[in-house]
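The values are calculated or read from the model by the stated rules, or taken from the named source; none is laboratory data. A quick note: this is a predicted structure, and the numbers were derived from the prediction, not measured. Every residue, glycine among them, receives a Cβ derived from its backbone with ideal geometry; neighbour counts consider all protein chains shown.
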Amino acid sequence: MPGLHPIVRFSLLFLGLMIARAVVAQTAHGATKPSNTSFEELDTRIRQAEQRGDYPASAEIRMEKAGALLAQRRYDEALSVYRDNMAFCEKNGLPDAAAKSRDALAEMLRMRGNNREALALFQKSQVFYQNNGHASEYASGLSKIGAIFLHLGELDSTQLYLQRSLALKEQAGDSATLTHPLNYLSQFYQRLGDWDKALFYQLRAVSLKKMQNDSSGLAGQLVLVANIFAAQKNWPKTEEYAREAYQLAEQLHLRLYKARALTLLAATRQAQGHPEQAIGFQEEAVVLLRQSKSGDLTNELLELAELYEQNGRKTESAPLLEEAYSLAIQADDQALLAKTELALGELAIQNGQWQIAQDWLEKSLANAQRGQSGNLTAETYRAFSNLYERKGQADKALDFLQKYFALKDTLLNESQLQATRELETRYQLKEKEAAIRLLNAAAELQALRLRDARRRQWVLAGGLLALGLVAGLAFYGIRLKQRSNRNLAEKNAQIVRSLEEKELLLREIHHRVKNNLQVISSLLKLQSAHLSADARQALNEGRNRVHSMALIHQDLYRDEGNLTAIDAGAYIGKLTDSLFRAYNIRPEKITLHTDIDPILLDVDTAVPLGLILNELISNALKHAFQQREHGRLEVRLKQQGEHLLLHVGDDGPGMPADTFDTGKTAPSFGAQLVGMLTEKLGGRLRVSQGNGNNVELTITQFKLAPPYE
C-alpha cells in the first residue's frame, strides 16, 4: 500500500486481519483441519450431488471445501475452489450462491492485495443485491468497496461508499457489522490527518462492542484506538489503551491481540527512552505470535532484530533475521523478502562480510523491483553505496548513491502529488460540509417564511396579537441573522485554513528544491575528487551556479511572508559572500562596494539574474586580482523607470568588449550562459574598460513581486 502513513497501513492490515478471521471462521465452520480423506469425501459428495442434479447442494459443499482449505492456510487452493464454484453457480442458474462465492473470492483477493479484481467482483455482486432486495448484503458490500478505494487512494469514492454503508446499517439496525464502516471511516480520516474524526469513529466502534458484550471484538478495537494515539506520538494515551487491550486479551486468551498490544507498548517504551523494556515487550509479542501461528510474525521479528541492533546486541539479531527470511519465503511475499534480505545484507556489511552482503543485497534489489516497491529499491541502492564505500570502491559507491537520490526524488514527487490530492480532498470535504450547513440554514429560513405566512393570518385577527407576533418575528430575525453571520465567518475561516495549508505545501516544495540542489552540489563535489585540475575547476564552477539557485529557494521557504518574492539586496549579499568563500578571497584583499535598490524580484527574474551575477563576479574573482595585493569590486542594481540596470565593475585589466556577444561563439561556457540569459531577460549588455573592467546589463523584461500584506 504505497503512499500510506505507516500507522494507517498497520491499522488497515490489522483491521483486515480481524475481518478475515471472521470470514474464515464463518466459511470454515465445521470443517477445521480435515485430513486428506476428508477432502476426498468432500469431492465424492460433490460428484454425487451433481449426478442427482442437486446443484445447490454441490455449490454448498464446494464452499465447505474452500473453507476447510482456508482453515489449513492453503490459500491458493481455496482461491481456485472459489473461482470454480462461482463459474459453476453462474452456469447452472444459482445467482444467490454465485454472489456468495464471488464475495468470498473478492475478500481473499482484497486481503492478498489484488484490489482491482476484488473491486470488480464486489461491484458485480452489488448490482445483484440491489436488484433483488438483499439490503443487508448490499450495505456490507458498500463498506468493502469503500475499503478498497481507501487502499487505492481514491478518497472521494471512499467517503461516498462508507458513509452510505453506515447510513443503511444504522437505518436497518444492523449492529452486528456496523463496526466495519466505522473502522474504515476512522482509517479514512487518519489518511487525511483529521485525527479528531478518526478517533470519533473508532470510539463509536468501541462503544458498540461494549454494548454488544463482544469482549473479543472489543480487544481488537482498543488496539486500533491505541494505534491512533501512537500515530500522534501521544505515548501516555497509547499505553493506556494498549494496556487495556492487553489485559482483556489475556483474560480471553487471545494471543494475536495480546501481541499487537505488546508491540504498541514496545514502541511506547522505545520512544520514552527505555530500550530494555521495549525489547522485553517485543520479545513477548514474538513468542505469542509463534504460539498462535497467526498474524504478521515476519515483521515482528524484523522489529525485534532492529531493537537488538540499536541497543548493541547485534549477535542476537542474526537468528531472528534468518527466521524472518524463512517465513517470508513460505509466504512468497516479495516485499517481505526484499525487506528481510536488505536487513541481512546490512548486517553482513557491519560484520565486514562483503561478498555475503553483496549476495543478499542483489536478492533484495531483485525482489523489490519485482514487487514494484520504490522505497525498498531506494534503500537497497543506499545499502549498495555503503557497501562499496566500505570496500574503497568510490566509483561504484557514487553510482549507487546517484541512483538512490534519483529514485528518492521520483518518490518524493509522487508523494507530493499524493499530498496535494489529499489536501484538495480535505478542502473539498470541508466545502461540502459548509454547503450542507448553508442548505440546512436555507431550509430553516424557508420554514420560517411558511410559519410567518401563517402568523400574518393571525395578525389580521387582532391588533394586540399582531404586535406581539411582530416583536417575536423581529427578535427571531435578529437571531437568524446572527446565526447566518456565524456560518459565514466559519466558512471564511475554513477558506483561510485551506490557503494556509497550500502555502505550507508551497513552502515545503521550495525546501525540497533547495535540498535537491544541495544534493546535486554534494554529488559534484564528490565526483571532483577523482578528476583532473581543469575538470575539477569546471565542476566547482557548476557547483557555484547550482548554489546561486539554491539560495533563492532557501530564502523563499524561510521567508514567513511572500513565497514568490526575492529581496534583491539580501540575495546579492549572500551570493557574493558565498563566492568569496568559494574562491578563498580574504576580505582585506578585495574591497566590495554594493549599491542595491530595495527591490522585490519575482522568482522567474531572480533565477536568471542570479546566474548572470554568479558568472560576472566569478570571472572578476578569477581574473581581475591575480598577483595583486589589493583590489576593488563593485556591484550595483538600480531600477530606472521600466528598466533594471545591473553593473559589475572591478579595477582589473579588463576583458574583450565582445566577450558576451551572442552573435558569435562565446569563448567559454560561462560567457555563453550570460549571453543566453541576457536574451531571456530582453537585456542589452555592454563591456567597457575605463578605469578597469565594467559590465553593464540593461534589463527590459523583468517581473517585480508584489509586497506581502
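Number of residues in region 141-166 that are closer than 29 Å to Tyr75 by Cα and touching an Asp or Glu at 6+ places or on another chain (Cβ under 8 Å) equals 2. Would you confirm whether any residue within region 269-292 is over 30 Å from Ala71 (Cβ atoms), touching a helix residue (DSSP H, G or I) at 6+ places or on another chain (Cβ under 8 Å), surrounded by 15 or more Cβ atoms within 10 Å (Cβ to Cβ) and among the polar types (S, T, N, Q)? The answer is yes; a qualifying residue exists.
Out of everything in region 326-365 that is on the phi < 0 side of the Ramachandran plot and not in a helix (DSSP H, G or I), what residue ends up being surrounded by the most Cβ atoms within 10 Å (Cβ to Cβ)? Among those residues, the one meeting the criterion is Asp333.
Listed here are the residues, each with its yes/no results for (1) under 20 Å from Asn234 (Cβ atoms); (2) surrounded by fewer than 17 Cβ atoms within 10 Å (Cβ to Cβ); (3) touching a residue at least 24 places away in the same chain (Cβ under 8 Å); (4) of a type in the set (Gly, Ala, Ser).
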site	(1), (2), (3), (4)
Ile148	no, no, yes, no
Leu160	no, yes, no, no
Lys169	no, no, yes, no
Ala198	yes, no, yes, yes
Leu218	no, no, yes, no
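Restricting Glu250, Glu316, Glu244 to residues that are acidic (Asp, Glu), more than 30 Å from Leu344 (Cβ to Cβ) and free of Cβ contacts under 8 Å to residues at least 12 places away in the same chain narrows the list to Glu250. Evaluate region 374-393: report whether one residue or more is within 18 Å of the chain's Cα centre (by Cα), at pLDDT below 85 and of a type in the set (Val, Ile, Thr). No.
When Gly569 is tested against (1) modelled with pLDDT of 85 or more; (2) under 20 Å from Gly670 (Cα atoms); (3) in contact with an Asp or Glu (Cβ under 9 Å, 6 or more places away or on another chain); (4) among the small types (Gly, Ala, Ser), exactly one condition is not met: (2).
Taking region 171-187 as the range and being of a type outside the set (Ser, Thr, Tyr) and touching a residue at least 40 places away in the same chain (Cβ under 8 Å) as the test, the residues that pass are His180, Asn183, Gln187.
Pairing each residue of region 37-48 that is under 16 Å from Leu69 (Cα atoms) with any residue that is among the acidic types (Asp, Glu), provided the two are 6+ apart or on different chains, yields C-beta distances under 8 Å for Leu42/Glu64.
Residues that are buried (at least 19 other Cβ atoms within 10 Å of the Cβ) and more than 15 Å from Ile590 (Cα to Cα) within region 612-641 comprise Ile612, Leu613, Asn614, Glu615, Leu616, Leu637, listed in sequence order.
Yes/no matrix, rows are residues, columns are (1) among the hydroxyl-bearing types (Ser, Thr, Tyr); (2) more than 17 Å from Tyr257 (Cβ to Cβ):
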site	(1), (2)
Glu170	no, yes
Tyr184	yes, yes
Lys197	no, yes
Phe200	no, yes
Asp214	no, no
Gly217	no, no
Gly220	no, no
Val225	no, no
Ala230	no, no
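Scanning region 366-395 for residues that are loosely packed, with under 15 Cβ neighbours inside 10 Å, more than 20 Å from Ala324 (Cβ to Cβ) and charged (D, E, K, R) yields Arg390, Asp395. Within region 90-114, the residues that satisfy the criterion of being charged (D, E, K, R) and more than 19 Å from Ile145 (Cβ to Cβ) are Glu90, Lys91, Asp96. Checked against the criterion of being under 20 Å from Ala147 (Cβ atoms), under 21 Å from the mean Cα position of the chain (by Cα), outside the structural domain of Ala261 (by TED's automatic domain parsing) and in a helix (DSSP H, G or I), the candidates Gln190, Gln163, Gln202 yield just one match: Gln190.
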